[in-house]
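Below is one structure, written out as structure tokens; comments come after it.
The values are calculated or read from the model by the stated rules, or taken from the named source; none is laboratory data. Quantities reported herein were computed from a predicted structural model and do not represent experimental measurements. In this analysis, Cβ positions are derived from the backbone assuming ideal geometry, glycine residues included, and neighbour counts consider all displayed protein chains.
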């Protein structure tokens with residue numbers, strides 16, 4: 001009879017689950033041999049006291065599925081045969097005389113089958129005794145799976161909390177960057193308005209006959225710096241954007257003072 005257990009919600013830590021489960025079973029006295037560990041499926045032979053079986057561990061959706069198949073204990077067969085021999089089942093073939101027409105193989109198979117049937121009571125006692133041992137190991141395995149699940153669930157919760165914390169920090173950073181970007185954009189618009197105003201003043205002064213060459217040079221320079229500030233802002237290079245804006249403001253002020 002197979003025993004099936006699940007490690008809930010720990011499929012992402014499958015390899016860790018397998019290693020921890022094997023370690024815990026080994027500490028409880030389980031002998032593990034013929035291990036074949038894969039990325040999503042594993043199987044191995046196990047022995048606990050007088051019980052032997054095979055264990056399969058595989059990813060099942062978000063969970064890890066553990067299947068244990070017990071092998072028939074040898075003492076069940078021994079008890080059954082002992083009961084059969086006591087009933088005379090084997091003696092018939094050992095003590096009897098075979099005719100030439102008899103098939104020895106057939107006689108042996110028939111007699112052994114009868115022997116097992118004759119020793120059914122003793123075999124059943126052996127099964128009950130073996131079943132009690134299997135129940136002990138099934139409980140050991142169930143407890144081990146639950147312990148490992150609890151350990152990994154703690155890790156999963158920690159990882160989830162860490163990811164959520166990182167997401168929160170990322171959102172906070174994005175919000176801060178958006179706010180900073182908005183402030184710089186408002187400054188760019190203000191400087192752009194100042195440049196337009198100074199250009200109007202320069203044109204008017206030139207119309208009135210004033211020498212505006214130096215003012216024009218600074219206005220042109222301010223426009224170039226403003227363009228550089230926009231490009232830096234698009235690249236989220238806020239320090240450069242702020243520097244270009246400051247320089248553009250200075251050019252505008254100088255252009256106005258020179259009129």
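Out of 206, 200, 168, 189, one residue alone is within 30 Å of residue 7 (Cα to Cα) and surrounded by fewer than 16 Cβ atoms within 10 Å (Cβ to Cβ). It is 168.
Quick grid of which residues meet (1) in contact (Cβ under 8 Å) with a residue 40 or more places away in the chain; (2) within 18 Å of residue 259 (Cβ to Cβ):
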residue	(1), (2)
174	no, no
184	yes, no
195	yes, yes
211	no, yes
229	yes, no
245	yes, no
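Please work out which residue is surrounded by the most Cβ atoms within 10 Å (Cβ to Cβ), limiting yourself to region 36-54 and to residues that are in contact with a strand residue (DSSP E or B) (Cβ under 6 Å, 6 or more places away or on another chain) and within 17 Å of residue 71 (Cα to Cα). So, considering only residues that are in contact with a strand residue (DSSP E or B) (Cβ under 6 Å, 6 or more places away or on another chain) and within 17 Å of residue 71 (Cα to Cα), the one surrounded by the most Cβ atoms within 10 Å (Cβ to Cβ) is 46. Residues that are loosely packed, with under 14 Cβ neighbours inside 10 Å and at pLDDT 90 or above within region 236-245 comprise just one, 239. Across region 158-168, not a single residue is classified as under 30 Å from residue 12 (Cα atoms), touching a residue at least 60 places away in the same chain (Cβ under 8 Å), assigned to a helix (DSSP H, G or I) and in the same structural domain as residue 9 (by TED's automatic domain parsing).
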